[in-house]
Amino acid sequence: MPSLIDFRRRIRSVKNTQQITKAMKMVSAAKLRRAQEAVVAGRPFAGMLQRMLANVAGAAAGNDSVNDHPLLQQREQKRALVVLVSADRGLAGAFNSNVNRGAQKFMQDLPGVAFEIEAVGKKGRDYFRRRGFTITGDHQNFSRKPNYGDVAAVAKKVSARYAAGEVDAVYLAYNEFKSVMTQQFRMVQVLPVPLPTGGVTTNYIYEQPADELLGSLLPRYVEIELWRSVLESTASEHAARMTAMDAASRNATDVIERVTLQMNRVRQASITREIIEVVSGASALK
Amino acid sequence: MAATFELEVATPDRLIVREQATEATVPGKDGYLGILPEHAPLLTELGAGPLTYTVGGVRHTVMVGGGWMEVLQTSVRILATVAEKPNEIDLKRAQGALDRAEQRLKDAGENDISRALAAADRARARMAVAAEFGR
C-alpha cells in the first residue's frame, strides 16, 4: 500500500501538469482570437475573387487561349502533389492526426497516382516522411503569424511545378475552422483550377480582353486558396489546442480529487489501526 | 442627396475601405478611370497609383499597388494586391525600394525588367500618396 508521502507527491505532480495545461489553454485562447480575426479579415477578398473569377471565366469560355493557359491544363493524373497544412507543434488533440489520416486516406483511394507532399507545418512533414513519401518542400512557422508573402511564395512554387508538367494535379489538405469545438478536415483541388460555372449574369465592359484578365487572376486564385487554408488551419489549431488543454485541465482536477480521496482513506485507516492498537494494548493490561 | 455607390477595397489580409462614395478615381492598368454612380458594369486590371474617392464631400486617398476592379451599378469592388492608407506608408522604405528598382533596371538583363518596373511603380505610388498628405 502506498504511503501518505507517495500520495502527496502524486498530487503535487498532477497539480504542476495542470498549471501547464491551464497556461497553454489561456495562450491558445488569446491566439485563437487573433487567428479568428484574420480568417474573417481575409474573407471579403476571397469572396470577391471567387465571384470575379466566375464572371471572367464565363466570358472567356471557349476562347482558345483560355484552354491553353498553363494553370488550366487537364492532364491524366499520374503524379499529384498534396500541400499539407498541419501544425508545427502537438498537444492539440486530434488536430494533426486529422489532417494526416485524412490526406493519407485520400491518397490510398487513388491507387494509380504517385503522390508527393509539400509540407506546411512540421507535424505533417514528420508523419509522411516516416511513411516514405517524397517531401518536396518543408515550410515551418507559418501558423505563428501567417504572412501573405511566405504563403504566396509556396503557391508560386507549386504553380510553377504544375505549369512545368512535373505534377498533374495539386490538392490542398487542411483543417477548416467551423467553430471552436469543431474543425473539419478538407481536401480541395486547386490545380488545374476548377473554374466556377456560375455563368455570366452581367455584361461587362472589359478594359482588357477577358482571357488576359483570366490569365492574371488564376495565379492569384491559387495564392488565395492556400492563404485561406493556412488561416483556417491556424485558427483550427489554436481552437483544437484550447479544447484539448481545457479537457486536460479538467481531467487533472478529477485525478487530484480521486487521489486525495484515496489518501484520506489510507490516513483514516492508519489512525483507526493505531486506536485499535492502543485500546487493545490498554485492555491487555487489565 | 447625391447618388452614391458602395466602394470596397480589399487586400488578401483585410478590408481597407467600405464606404458609400460619390466618386472615385482609380488607377487602371491602362490609365486612370473616373467612376461615378450608375457606371456601366466594367472589369479591369489595376496598375499602381493613388486611388482617390469622395465620401460626403470629403476626398480620401489610398495607395493601390496592382489588382483588379469590378464595377457594378451600385457597387465598386477593388481587389488590391497591396493597398495602404496614407498614414501607413513607410516613406523611407518606399524610397529605398525605388532606388533598388532603378538600380535593377540599370544593370539587370531582360528578364527582370517587368518586375523592377512594377516595384518602381509601387514605390512611386506610395510616395505620391504620402506627398499629397504633406509627409
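Data table
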| read-out | value |
| --- | --- |
| Residue that is in contact (Cβ under 8 Å) with a residue 40 or more places away in the chain, small (Gly, Ala, Ser) and more than 27 Å from A:Ala247 (Cβ to Cβ), where the choices are A:Ala92, A:Ala164, A:Ala152, A:Ala103 | A:Ala152 |
| Any hit, segment B:1-23, residues being assigned to a strand (DSSP E or B), among the hydroxyl-bearing types (Ser, Thr, Tyr) and farther than 30 Å from A:Glu37 by Cα | no |
| Lone qualifier among A:Val40, A:Val14, A:Val27 - being touching a helix residue (DSSP H, G or I) at 6+ places or on another chain (Cβ under 8 Å) and either surrounded by fewer than 18 Cβ atoms within 10 Å (Cβ to Cβ) or assigned to a helix (DSSP H, G or I) (or both) | A:Val14 |
| Test result for B:Gly67, more than 14 Å from chain A (Cβ to nearest Cβ), out of contact with any Lys or Arg (no Cβ under 6 Å at 6 or more places or on another chain) and on the phi > 0 side of the Ramachandran plot | no |
| Candidate set: segment A:32-50, residues that are free of Cβ contacts under 8 Å to residues at least 24 places away in the same chain and facing chain B (nearest Cβ under 8 Å); chosen: the one farthest from A:Arg144 (Cα to Cα) | A:Met48 |
| Looking only at segment A:213-225, and only at residues there that are of a type outside the set (Gly, Ala, Ser) and in contact with a Phe, Trp or Tyr (Cβ under 9 Å, 6 or more places away or on another chain), the one that is farthest from the other protein chains (Cβ to nearest Cβ) | A:Val222 |
| Residues of segment A:51-64 classified as in a helix (DSSP H, G or I) and more than 9 Å from chain B (Cβ to nearest Cβ), total | 6 |
| Out of B:Tyr32, B:Tyr53, sole residue that is under 15 Å from the mean Cα position of the chain (by Cα), more than 8 Å from every other protein chain (Cβ to nearest Cβ), closer than 22 Å to A:Glu212 by Cα and not hydrophobic (A, V, I, L, M, F, W, C) | B:Tyr32 |
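Each reported figure results from applying straightforward, stated rules to the coordinates on display, with no laboratory input. Everything numeric here is computed off the predicted structure, so don't read it as measured data. Neighbour counts run over all protein chains shown; Cβ positions are idealised from the backbone, glycine included.
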